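One structure is given here, and the rest of the page talks about it.
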Amino acid sequence: MTVHFVGAGPGAADLLTVRATRLLAKADLVLYPGTYLDPEVLSHCGPQATLVDTQDLDLDQISAHLVDAFNAGHQVVRLTSGDPSLYSALHEQTSRLDAAGVTWQVTPGVAAYAAAAARVGSELTVPLVAQSVVLTRTQARSTPMGDGESLTQFAATGATLVLHLAITRTRTLMAELEPVVGGDCPVVVVYRASQPEELVLRGTVDTIADQVEGAGLRQAAVILVGRTLAEAPALAGGESYLYSRERDRLTKRPL
């Protein structure tokens, strides 16, 4: 038996991987994050599955469910929103499983930022505009950020910024960013990307906070900040060298 940590993607039932749907169909126990998940995702579960919403459980309670089910010989899936590699408490949960002698595996999922970028048709890395993406969050009632992980330091690199778990602090964050990236820097907010309640807000560092507050957004939203988010004709970047006509495709690279 193995406990499977499975990325449920951004929420849409048809944005899970084939592997994820197969694991859900066989699972005897499925723990899922009810706050962020479209209930339709659970339609992939078999009739034998016991479903447990984890939104009101702490890590010890979640781990107890996983360990007990594993010891009982059950197939177990722990769903996470998006991809397990980002803000899923994977490390904390697997550390507890290791201590209990429970084997586990991870199945990746579509990350929320990728779904948000797809929704607005944006590439987050555009030649001569930005070639890096910073995935980060902010610190309020949460674990402190590490030294050197300030938002302004990340912004100063010119990378496209992806802000998770930050929607309630939009106005404060935009005020921090304005001196670094400029008030006219494009910003896109996507609430519940790919789900029925999906909402897309487009603006700038100077204007997006009014839209977020007007829409009453409090959770489940991703904030994208950067010049790559400008409308395509406004982008002053070049074209990818990988596909350039000038690139020599005949010369073999040295080993």
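No lab work stands behind these numbers, since they all come straight from the coordinates. Every value quoted in this text rests on a predicted model; they were computed, and no experiment measured them. Reconstructed Cβ throughout: ideal geometry from the backbone, glycine too, with neighbour counts over all protein chains shown.
Numerical summary
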quantity	calculated
Globularity index of the stretch 1-104, i.e. its alpha-carbon radius of gyration over 2.2 N^0.38 Å	0.96
Gained length - ALA99 relative to GLN211, 0.36 nm times residue gap less alpha-carbon distance	35.7 nm
Principal-axis tilt of helix 90-99 within the chain, Cα atoms, nearest 10 degrees	30 degrees
Ellipticity estimate at 222 nm from DSSP helix runs (n ≥ 4, -39,500 (n - 2.57)) divided over the chain, nearest 500	-7500 deg cm²/dmol
Residue among SER122, ALA8, GLY182 farthest towards the positive dipole end of the chain, charges placed on Cβ	SER122
Gain in span if fully extended, ASP58 to SER132, counting 0.36 nm per residue against the direct Cα distance	23.2 nm
Per-residue Cβ neighbour rank within 10 angstrom, fewest leading, ARG19, ARG96	ARG19, ARG96
Alpha-carbon centroid distance for the pair the stretch 105-125 / the stretch 36-96, whole angstrom	22 Å
Lys, Arg +1 and Asp, Glu -1 on Cβ, resulting dipole of the chain about Cα centre, debye, nearest 20	780 debye
Reciprocal mean inverse distance between Cα atoms of the chain - Kirkwood radius, Å	20.0 Å
Pairwise FRET efficiency - ARG22 versus GLU149, Cβ, R0 = 41 Å, nearest 0.05	0.65
Extent along principal axes [Cα atoms of the stretch 74-117; Å; largest to smallest]	39, 20, 11
Cα gyration tensor shape for the stretch 112-234, rounded if a/c is under 1.5, else prolate or oblate	rounded
Label-point gap, in nm, between HIS91 and GLU197 - each point 7 angstrom along Cα→Cβ	3.0 nm
Assigned charges on the beta-carbon of Lys, Arg, Asp, Glu; the stretch 1-90 dipole about Cα centre (debye)	380 debye
